[in-house]
1. I'd like the residue in the stretch 18-34 that is at pLDDT 95 or above and part of a loop (DSSP other than H, G, I, E, B) and, out of all such residues, is nearest to residue 68 (Cα to Cα).
2. I'd like to know if the stretch 198-214 contains one or more residues that are out of contact with any helix residue (DSSP H, G or I) (no Cβ under 6 Å at 6 or more places or on another chain), at pLDDT below 95, under 30 Å from residue 50 (Cβ atoms) and buried (at least 24 other Cβ atoms within 10 Å of the Cβ).
3. Just checking, which of 174, 165 is in a loop (DSSP other than H, G, I, E, B), modelled with pLDDT of 95 or more and either more than 23 Å from the chain's Cα centre (by Cα) or farther than 22 Å from residue 101 by Cα (or both)?
4. Kindly indicate whether residue 255 is assigned to a loop (DSSP other than H, G, I, E, B) and at positive phi.
5. Residues 8, 43, 50: which one is under 21 Å from the mean Cα position of the chain (by Cα) and farther than 19 Å from residue 90 by Cβ?
6. For the stretch 234-246, give me the residue count where each residue is surrounded by fewer than 24 Cβ atoms within 10 Å (Cβ to Cβ) and part of a loop (DSSP other than H, G, I, E, B).
7. Residue 143 versus (1) touching a helix residue (DSSP H, G or I) at 6+ places or on another chain (Cβ under 9 Å); (2) on the phi > 0 side of the Ramachandran plot; (3) surrounded by fewer than 21 Cβ atoms within 10 Å (Cβ to Cβ): which is the lone unmet condition?
8. Of the residues 86, 58, which single one is closer than 22 Å to residue 11 by Cα and under 13 Å from the mean Cα position of the chain (by Cα)?
């Protein structure tokens with residue numbers, strides 16, 4: 001078993017004095033998609049007492065306004081955090097500004113692969129949504145239409161897009177999300193990975209892309225990166241994204257990886273198992289936490 005090179009902590013209070021700003025994940029850290037976790041509000045309140053800024057960063061393929069409204073319904077009120085950023089907001093910005101060469105070349109006719117609830121990503125854009133891949137110049141992937149579906153269910157659609165060499169914008173790089181009762185649901189990142197396997201071109205916006213961390217740091221007033229801590233539950237996005245951006249991270253072990261680590265909410269994971277998992281992905285983090293607790 002790989003020896004741990006991170007701190008095993010019972011809460012965030014031991015870390016806060018070492019950092020000036022914080023980037024905090026949503027799903028799997030603050031809530032489970034339906035309800036806030038028991039310690040989420042209290043911990044955000046403790047962050048507020050420090051006077052240090054926090055930005056919530058989500059790979060949700062929707063604009064931040066939608067996320068704020070959803071969290072309000074869970075009791076995670078807008079007054080509890082300084083700023084918020086989402087992969088959907090970043091995609092909307094890129095398609096509006098067209099400053100990136102990939103986005104500048106996309107054209108105007110877009111096929112949306114994803115549910116209608118994600119349509120806010122297209123607000124204020126000069127694009128025409130079409131109903132089939134054959135009418136499109138590019139596609140925006142926000143995830144499956146139904147939570148029970150798998151990549152196999154989308155093979156025909158992906159092949160049709162690949163046949164036309166449609167570039168894909170992936171608005172959620174996550175592969176999977178954990179729902180209530182431990183149920184797992186596929187995300188847009190899994191479909192994007194399959195499209196790349198087929199030879200398709202994909203642009204990701206969201207964690208672990210460094211560009212979205214640059215946007216967060218700008219919102220936070222450009223603090224020194226060595227004084228910023230990211231808190232998340234997913235190795236491939238939260239921990240990898242922090243490393244790509246040159247900032248430290250703390251892994252909440254009861255989220256996406258809770259099953260393979262054998263832990264539930266606020267249960268401390270075996271450090272050796274976490275170290276082995278990190279080594280398997282060639283990643284490192286500053287600390288591990290049983291939940292988003294103070």
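1. Applying the filter and picking the extreme gives 26.
2. The answer is no; no qualifying residue exists.
3. Details: 174 fails: modelled with pLDDT of 95 or more.
Step by step, each of 174, 165 is checked, and only 165 is in a loop (DSSP other than H, G, I, E, B), modelled with pLDDT of 95 or more and either more than 23 Å from the chain's Cα centre (by Cα) or farther than 22 Å from residue 101 by Cα (or both).
4. Numbers: assigned to a loop (DSSP other than H, G, I, E, B): yes; at positive phi: no.
When the stated conditions are applied, residue 255 does not pass them.
5. On the way: 8 fails: under 21 Å from the mean Cα position of the chain (by Cα); 50 fails: under 21 Å from the mean Cα position of the chain (by Cα).
None of the other options fit; the residue is 43.
6. Of the residues in the stretch 234-246, 1 are surrounded by fewer than 24 Cβ atoms within 10 Å (Cβ to Cβ) and part of a loop (DSSP other than H, G, I, E, B).
7. All conditions pass for residue 143, except number (3).
8. Details: 86 fails: closer than 22 Å to residue 11 by Cα.
Sole residue among the options that is closer than 22 Å to residue 11 by Cα and under 13 Å from the mean Cα position of the chain (by Cα): 58.
The values are calculated or read from the model by the stated rules, or taken from the named source; none is laboratory data. Here the structure is a predicted model, which is why all the values come from computation and not from measurement. So basically every Cβ, Gly included, is an ideal-geometry build from the backbone, and we count neighbours across all protein chains shown.
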